[in-house]
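The next block holds one structure in the form of structure tokens; read it before the comments.
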Amino acid sequence: MNKSLLTLFAVFTLISCSVAQKTVSTVVLNNTEIKASMIKALEWQETHPIMAIAPSDWTNGAYYVGVARAHQATKDMMYMAALKNQGYNNDWKPYKRIYHADDIAISYSYLYVEMTEKRRNFVDLDPTKKFLDEHLYESNKWKEGNSKDIKGETILWWWCDALFMAPPVINLYAKQTKDLKYLDAMHKYYMETYNRLYNKEENLFARDMRYVWTGSKKDLKEPNGEKIFWSRGNGWVLGGLALLLDDMPKDYKHRAFYENLYMEMAAKILAIQPEDGLWRTSLLCPETYNHGEVSGSGFYTFALAWGINNGLLKESKYLPAVKKAWTALMACQKEDGKIGWVQNIGASPEPASTDSWQNFGTGAYLLAGSEVLKLKN
């Protein structure tokens, strides 16, 4: 991208999409304003539908997770109406690639409606069960491990985004059905991804095997020599961990692993938060695209606020960061409700702009608002 354009992006961010460090301590979260902002985001997104492949694909899956959590936090029926409409129009079906974690993400919203809606038999969970049973317990092209693709398509969840797409759905399904075999299967495949992609020195996830450092001269690096860690990729993971822990049984035998991973990543994300509140698309080389990005930042804001609200993170340490991030996120919303500064669909750090948007960016915004509403000033 042209350097002059990047400079303009950065200047706009600093002026219009940030909050000065010195003012954070005086920020008072106004729940009326937050709720109004969230509804405007919902209304804009519902009238501007977008998808990567189909209405039941991962982009809508991530968006409607945000809508579900917004309803949980506010009980506003506008969110429930959107959830019911899309589920009914999708015949309560996931997308069709049984081997692919992305294609079950939409079922989080179906499960939420089933667990919240008082009308019996409104939601059909049979397609979700069929998908999960095949996805988890039958052979597929990735489990077989024969792929030569450089991304490392030799485990079920070979890319870090998958840890947002499938595990929270499986966890919620186990909660709904009271069948822990699904949770145990989820843990098995989660550990495969963790053992392959988690960098224990940086406490961040590589997006896939292309970005895992091996000590070779061929290792991909940022211009400043650092490892490449994608903001939204790690946002998928940290946001997914908050969702997992929210529904996971307190006495589940592997819960401590998820809590520890969550706290490690939360500490890292706090330590590298830029002064204006929004994380850059490249976490360890922020100068590459020196402007805030909403989707990754939205997931971080949601996850950190969730940790404060649930006693895993110290309020005195994390609350200023959350306030700063949320204030900056709200500044990225246009008057009509559109959420800008969202990096487009991708798999590595790329720029965003004031006019770049995606439904999953709106989902991240709604997720963040849903937890910020619960904070105590």
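Nothing in this text is a laboratory measurement; each read-out follows from the coordinates by a stated rule. This one's a predicted model, so the numbers in the text were calculated from it and none came from an experiment. We place every Cβ from the backbone using ideal geometry, glycine too, and count neighbours over all the protein chains shown.
For segment 179-195, the Karplus equation 6.51 cos²θ - 1.76 cosθ + 1.60, evaluated at θ = phi - 60°, returns couplings of 10, 6, 4, 5, 5, 5, 5, 4, 4, 4, 6, 4, 5, 4, 5, 4, 5 Hz by residue, with Gly and Pro reported as x. For segment 259-333, place one equal point scatterer on every Cα, skip the solvent, and apply the Debye formula. What is log10 of I(q)/I(0) at q = 0.13, 0.16, 0.17 Å⁻¹? Values, matching the q order: -0.34, -0.52, -0.58. Within a straight-line Cα-Cα reach of under 19 Å, LYS374 can be paired with the following aspartates and glutamates, leaving aside sequence neighbours fewer than 8 residues apart in one chain: GLU33, ASP76, ASP246, ASP247, GLU315.
By the Cα gyration tensor, segment 210-277 has an equivalent ellipsoid whose semi-axes, rounded to whole angstrom, run 28, 16, 10 from largest to smallest. The value of relative contact order for segment 188-240, using C-alpha pairs under 8 Å at least six residues apart, is 28 percent. Listed values for segment 242-259 are Karplus-derived 3J(HN,Hα) couplings in whole Hz (6.51 cos²θ - 1.76 cosθ + 1.60, θ = phi - 60°), namely 4, 5, 4, 5, 5, 10, 6, x, 4, 9, 4, 4, 9, 4, 4, 4, 5, 5, and x replaces Gly and Pro. Computed over segment 28-85, the quotient of the alpha carbon radius of gyration and 2.2 N^0.38 Å is 1.17.
Extension gain, ALA271-ASP355: 0.36 nm per intervening residue step, less the Cα-Cα distance, totals 27.4 nm. Kirkwood hydrodynamic radius computed over segment 133-191 comes to 12.1 Å, based on all pairs of distinct alpha carbons. Checked against a 24 Å cut-off, the cross-linked pairs LYS141/LYS175; LYS40/LYS84; LYS96/LYS129; LYS130/LYS188 give Cα-Cα distances beyond that limit for LYS141/LYS175.
For PHE122 and TYR99, calculate 0.36 nm times their separation in residues minus their Cα-Cα distance, and state this gained length in nm to one decimal.
Working: separation 23, 0.36 × 23 = 8.28 nm, distance 2.71 nm.
That works out to 5.6 nm of additional length.
Pairwise Cα separations in segment 81-163 fall into 10 Å bins from 0 onward with the following percentages, short to long: 17, 43, 25, 13, 2. In sequence order, segment 362-377 has phi-based couplings of 5, x, 5, 4, 5, 4, 4, x, 4, 8, 4, 4, 8, 5, 9, 5 Hz under the Karplus curve 6.51 cos²θ - 1.76 cosθ + 1.60, θ = phi - 60°, and Gly or Pro positions carry x. Its residues counted as N, segment 158-301 yields a C-alpha radius of gyration over 2.2 N^0.38 Å of 1.08.
Between PHE122, PHE164, PHE302, the GNM of the chain built on Cα springs shorter than 10 angstrom shows PHE122 fluctuating the most. Lys/Arg Cβ at +1, Asp/Glu Cβ at -1, dipole of segment 297-377 taken about the Cα centre: which of ALA331, PRO349, LEU312 is farthest positive-ward? Farthest along the dipole direction, towards plus: LEU312. Both numbers refer to the Cα atoms of the chain; Rg and Dmax are 19.4, 60 Å.
Could you sort 237-249, 138-150 so that the peptide with the highest average Cβ count within 10 Å comes first and the rest follow in order?
Details: 237-249: 23.2, 138-150: 11.6.
Ranking the peptides 237-249, 138-150 by packing returns 237-249, 138-150.
Under a 5 Å amide H cut-off, with hydrogens placed 1.01 Å from N, LEU204 pairs with ASN199 among residues at least 5 apart or on other chains.
Summary of packing: across the peptides 274-282, 53-61, the per-residue average of other C-beta atoms within 10 Å ranks them, highest first, as 274-282, 53-61. Within the same chain, lysines fewer than 8 places from LYS221 are excluded, and of the rest, those with a Cα less than 21 Å from its Cα are LYS3, LYS151, LYS200, LYS268. Each of the peptides 103-113, 190-200 was scored by the mean count of other Cβ atoms within 10 Å over its residues; in descending order, highest first, they stand as 103-113, 190-200. Stokes-Einstein diffusion for segment 98-229, with the hydrodynamic radius set to the Kirkwood value over Cα pairs and evaluated at 4 °C in a medium of 1.567 mPa s, equals 80 µm²/s.
Percent relative contact order of the chain, based on C-alpha pairs within less than 8 angstrom and at least six residues apart?
Details: 653 pairs, mean separation 88.7, N = 377.
Across the chain, relative contact order equals 24 percent.
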